[in-house]
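J.: The structure is given below, and queries will be raised subsequently.
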Amino acid sequence: MAESVSDGKPNLAATSWALLGMLSYEHELSGYDIRKWIEWSMRFFYGSPAYSQIYAELKKLEKLGLVTSRVENTGGTRNRRLYKITPAGLEAVQRWAKEDPVDHPVLKHPALLRVAFGHMTDPERLKEILQDHVAYADEMARSAAKDAKWAGAHPSWAYAKVALQWAERYYASERELALTMLKELDEAEATFAEAGIERGKPIPWPAPDYWYEIEQKAGLDD
């Protein structure tokens, strides 16, 4: 997205709005501080931008007058730059939080994509992929639960705690869904066997005319 301002309303990327939200608290923050906050909370539900992206977005925000920065002399070998939201930045992020439409999430699930094209591999490899996903989801659920617990240490983190509790439930659900798919892989393989489909040979994929016929029949269910 371009970092332009139209009718007093900046046109920002989602990451910039997230950074402004983080800076909406009273304290100045360094890029390192912001990255640590992201790792503590936002990574569970909106990804984790690299330092380079964080600093690039902060420069855009400063250019637009939405944040200011200053260099703090720490007395060490390296000084650090601190960022603070401006009144214009605070007004903009409050308007965004209250008024901007919310896009629906777009699911991009690499493990599920492999399952959808499972005919090109073998059941053991698919099970390995799903078992890795179960382990990942389990770790994310436990991490979110820990961070949600400690978000209760200060009342200003009450809404962050709600998001973290959601993340815990989400990844716990991902784990259960993956475990269910592991069982369903055996059913899919049995379907192949019953139809006489042999792995390593061309798959008798239905012609497009058949797809459309099924689509019409499915439409009658609406």
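The values are calculated or read from the model by the stated rules, or taken from the named source; none is laboratory data. Just so we're clear, the structure is a prediction, and the values are computed from it rather than from any experiment. Because the Cβ atoms are built from the backbone with ideal geometry, glycine has one as well, and the counts that use them run over all protein chains shown. Remember, those area values only see protein heavy atoms, side chains included, never the ligands or the DNA or RNA. Shrake-Rupley method; radii C 1.70, N 1.55, O 1.52, S 1.80 Å.
J.: I need every pair where a residue in the stretch 140-164 that is at pLDDT 95 or above has its Cβ under 8 Å from the Cβ of a residue that is outside any helix (DSSP H, G or I), sequence separation at least 6 or different chains.
T.: The qualifying pairs are LYS161/GLY152.
J.: Select from the stretch 71-83 the residues that are open to solvent by less than 90 Å² (accessible area, probe 1.4 Å) and at pLDDT 90 or above and write down the one among them that is nearest to PHE45 (Cα to Cα).
T.: TYR83
J.: Inspect the stretch 140-150 for any residue being within 30 Å of PHE45 (Cβ to Cβ) and either aromatic (Phe, Trp, Tyr) or surrounded by fewer than 10 Cβ atoms within 10 Å (Cβ to Cβ) (or both) and give the result as yes or no. Even if it seems obvious, please write down each step before you answer.
T.: Step one: filter the stretch 140-150 for residues within 30 Å of PHE45 (Cβ to Cβ), giving 140-150.
When the remaining residues are screened for being either aromatic (Phe, Trp, Tyr) or surrounded by fewer than 10 Cβ atoms within 10 Å (Cβ to Cβ) (or both), the result is 150.
The answer is yes; a qualifying residue exists.
J.: Now, a different point. Looking at the stretch 183-196, which of the residues that are within 16 Å of ALA116 (Cβ to Cβ) and of a type outside the set (Phe, Trp, Tyr) is surrounded by the fewest Cβ atoms within 10 Å (Cβ to Cβ)?
T.: GLU187
J.: Another question, if that's okay. If the requirement is being of a type in the set (Phe, Trp, Tyr) and closer than 27 Å to PRO110 by Cβ, which of these qualifies: TYR212, TYR170?
T.: TYR170
J.: If you don't mind, there's one more thing I want to ask. When the residues of the stretch 197-212 are narrowed to those that are open to solvent by less than 80 Å² (accessible area, probe 1.4 Å) and farther than 16 Å from GLY118 by Cα, which ends up modelled with the lowest pLDDT?
T.: Of everything passing the filter in the stretch 197-212, PRO206 is modelled with the lowest pLDDT.
J.: Right, next: How many residues are of a type in the set (Asp, Glu) and under 17 Å from MET181 (Cβ atoms) when one looks only at the stretch 128-154?
T.: Here the count works out to 3.
J.: Among the aliphatic types (A, V, I, L, M), open to solvent by 70 Å² or more (accessible area, probe 1.4 Å) and out of contact with any Pro (no Cβ under 9 Å at 6 or more places or on another chain): which single residue out of LEU107, LEU90 fits that description?
T.: The unique qualifying residue is LEU107.
J.: Select from the stretch 113-134 the residues that are over 22 Å from PRO204 (Cα atoms) and in contact (Cβ under 8 Å) with a residue 40 or more places away in the chain and write down the one among them that is most open to solvent (accessible area, probe 1.4 Å).
T.: Restricting to residues being over 22 Å from PRO204 (Cα atoms) and in contact (Cβ under 8 Å) with a residue 40 or more places away in the chain, the top hit is GLN131.
J.: Let me ask another. Taking the conditions exactly as written (more than 30 Å from ILE38 (Cα to Cα), among the β-branched types (Val, Ile, Thr) and in a helix (DSSP H, G or I)), does ILE129 satisfy them or not? So that I can check it myself, show each step before the final result.
T.: Numbers: more than 30 Å from ILE38 (Cα to Cα): no; among the β-branched types (Val, Ile, Thr): yes; in a helix (DSSP H, G or I): yes.
No; evaluated as a whole, the condition is false for this residue.
J.: Hey, any hits in the stretch 174-181 for a residue that's surrounded by 15 or more Cβ atoms within 10 Å (Cβ to Cβ) and of a type in the set (D, E, K, R)?
T.: For the stretch 174-181, residues surrounded by 15 or more Cβ atoms within 10 Å (Cβ to Cβ) and of a type in the set (D, E, K, R): present.
Rundown of residues vs (1) over 23 Å from the mean Cα position of the chain (by Cα); (2) acidic (Asp, Glu), yes/no style:
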{"site": "ALA137", "(1), (2)": "no, no"}
{"site": "TRP150", "(1), (2)": "no, no"}
{"site": "PRO155", "(1), (2)": "yes, no"}
{"site": "GLU176", "(1), (2)": "no, yes"}
{"site": "GLU184", "(1), (2)": "yes, yes"}
{"site": "GLU187", "(1), (2)": "yes, yes"}
